[in-house]
1. Scan region 120-145 for residues that are at pLDDT below 95 and part of a helix (DSSP H, G or I) and jot them down.
2. Among (1) out of contact with any strand residue (DSSP E or B) (no Cβ under 7 Å at 6 or more places or on another chain); (2) at pLDDT 90 or above; (3) exposed (fewer than 12 other Cβ atoms within 10 Å of the Cβ); (4) not β-branched (Val, Ile, Thr), there is one condition residue 1 misses while meeting the rest; what is its number?
3. Could you please find all residues in region 96-107 being part of a loop (DSSP other than H, G, I, E, B) and in contact with a Ser or Thr (Cβ under 9 Å, 6 or more places away or on another chain)?
4. Of all residues being among the aromatic types (Phe, Trp, Tyr) and in contact with a helix residue (DSSP H, G or I) (Cβ under 7 Å, 6 or more places away or on another chain) in region 55-90, which is farthest from residue 204 (Cα to Cα)? Just the residue, please.
5. Would you mind telling me which numbered condition in (1) among the basic types (Lys, Arg); (2) crowded, with 17+ Cβ neighbours inside 10 Å; (3) farther than 21 Å from residue 184 by Cβ residue 133 fails?
6. Would you say residue 209 is loosely packed, with under 15 Cβ neighbours inside 10 Å, assigned to a strand (DSSP E or B) and within 22 Å of the chain's Cα centre (by Cα)?
7. I'm checking my understanding of the structure. Among residues of region 18-37 that are without any contact (Cβ under 8 Å) to a residue 24 or more places away in the chain and of a type in the set (D, E, K, R), which one is surrounded by the most Cβ atoms within 10 Å (Cβ to Cβ)?
8. Between a residue in region 68-85 that is without any contact (Cβ under 8 Å) to a residue 60 or more places away in the chain and any residue that is among the hydrophobic types (A, V, I, L, M, F, W, C) and part of a loop (DSSP other than H, G, I, E, B), which pairs come within a Cβ distance under 9 Å, given they are 6 or more apart or on different chains?
Amino acid sequence: MQERLQKILSQAGVASRRESETIILAGRVAVNGTVVTELGTKADPDTDTITLDGKPITVTEQRVYLLLYKPVGYMTTMKDPEGRPIVTDLLKGIKERVYPVGRLDYNTEGLLLLTNDGAFANMLMHPSHEVDKGYLVRVSGHVAPEQIRKLSEGVKLEDGMTAPAKVLPVSESENNSWISITIHEGRYRQVRRMCEAVGLNVVRLKRSRYDFLEIGDMKPGEFRHLDAVEVAKLRRKTVPSGTGRGPRKTGVVARRKSAPRR
């Protein structure tokens, strides 16, 4: 099947799609011996010979789905101009180039999905699918019932009202309180901004749940592969209602073209 060259380069692990565009524009890529510099160009990795700097590339389409406990102090990006650690630094032994599904900010810890299945990731992040994300939040001092009510009903932020959330008190000590907040939106720093909007100072923020996936006994920095059943359950979130289609068979270990033996 024909696909855009930048997507093929990304699947081959050469670079991200955006970086691949720069590589193509620089005239470093050829298809069947002809140098290509037009970004809309398509090719079929099964039948066409695609080279980078004169060397053939092999597209290995092994789909990888990972669940990571992101620690505080890591960026959810592929590069950081300030040189701070990024989440993929934690993925020892993972050879495929994977990307985060959504983001957790630098000072937030907890569950983060990573995959090289771009369509799957984009659909999960689309607001229409309303994937629940559960957070445990430690705040300074006491949480009043009125603050719980406001968070539950939705609060006004600079980018508009938030959707109703599920908010429950968890525990309380002399100096701090824990609450749980479940949302399905994915706005920038949303939980922190919601708490600030009702006068709560966030001391610690942890995403403890992503849809049905629970953090359990995972430790910061640990990750695991999702199994085929888990991927299938998540994929059901990406099937538009009314299509009559069930979940696709997962491609957890499916390959388009086998990697050469070494």
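1. Within region 120-145, 120, 121, 122, 123, 124, 125, 127, 128, 129 qualify.
2. Answer for residue 1: the failing condition is (2).
3. Listed by number, the residues that qualify are 96, 97, 98, 101, 102, 103, 104, 105, 106.
4. The selected residue is 65.
5. (3)
6. no
7. Taking the candidates together, the pick is 21.
8. Within 9 Å, the pairs are 74/104; 76/104.
The values are calculated or read from the model by the stated rules, or taken from the named source; none is laboratory data. As the structure is a prediction and not an experimental result, all values here were calculated from the model. A quick note on method: Cβ atoms are made from the backbone with ideal geometry, for glycine too, and the neighbour counts reach across all protein chains shown.
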